[in-house]
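The values are calculated or read from the model by the stated rules, or taken from the named source; none is laboratory data. Keep in mind that what you see is a predicted model, and the values were worked out from it rather than measured. Areas reflect the complete protein model, heavy atoms only, side chains present, ligands, DNA and RNA absent. Shrake-Rupley method; radii C 1.70, N 1.55, O 1.52, S 1.80 Å.
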Amino acid sequence: MVAVASKRAVEWLAAAAFDPRECKRAWEHGENGTVLLAAGRFWDVLILPEDLGLLALDILLCIPQCEPGPTLADFGARRIGFFLPPDPSSRWIGTGIRYAGKGAWIVVPAPARGSGAIQWLVPPDGSGVLYSAGALELAIHEAAAELARQLVG
């Protein structure tokens, strides 16, 4: 069952590549196990500073009706990326926040693996589930409030 889910995840994520076959080949045989995938077609990525992103992820994982979407960590850059539905008109504003939509590229390892500093915290499962922008926004607000409490207390 895990192999089927992993294959579905690879197919789902590779579909975002211009050449899905070459993408899968690069994951399997490439030098560093990552590929560049274009955001904005099947998903966008909200990239947060590591401390804020990890807290937001913990909050999202505690919400019973919130099915987690793919979440990618770049521990070298200390950033966490949340995969959201594409929204060309979306604007996210905050210190250290970056929104990768149409025209942006994301470094992505194969779904079942990480590559060096780039690791899946929640790998894609192939179902296409993505985070809800509203749920993510609420989790970010709660995480920011918690970080502020930690600074003063």
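The residues of the chain present an accessible area of 56 Å² per residue when probed at 1.4 Å with all protein chains retained.
Build a GNM of the chain with springs between Cα atoms under 10 Å: which of I106, I93, I118 gets the top mean-square fluctuation? Taking springs between Cα atoms under 10 Å, the residue moving most is I93. Over all Cα atoms in segment 15-54, the spread is summed up by Rg and Dmax: 13.0, 35 Å. Based on the convex hull around the alpha carbon atoms, segment 64-153 presents an average projected area of 7.3 nm².
For the chain, the fraction of C-alpha pairs more than 19 angstrom apart is 52%.
For the chain, no complete DSSP H run has alpha carbons reaching 20 Å or more along its own long axis together with a mean Kyte-Doolittle score of 1.0 or higher. Here the accessible area of segment 70-125 is 55 percent carbon and sulfur, with a 1.4 angstrom probe and all protein chains present. Which log10 I(q)/I(0) values does segment 1-80 give at q = 0.19, 0.20, 0.26 Å⁻¹ under the Debye formula, counting every alpha carbon as one identical point scatterer? Ignoring solvent entirely, the Cα scatterers give -1.05, -1.11, -1.23.
Dividing the helix sum by the residues of the chain, where each DSSP H run of 4 or more adds -39500 (n - 2.57), gives a mean residue ellipticity at 222 nm of -11500 deg cm²/dmol.
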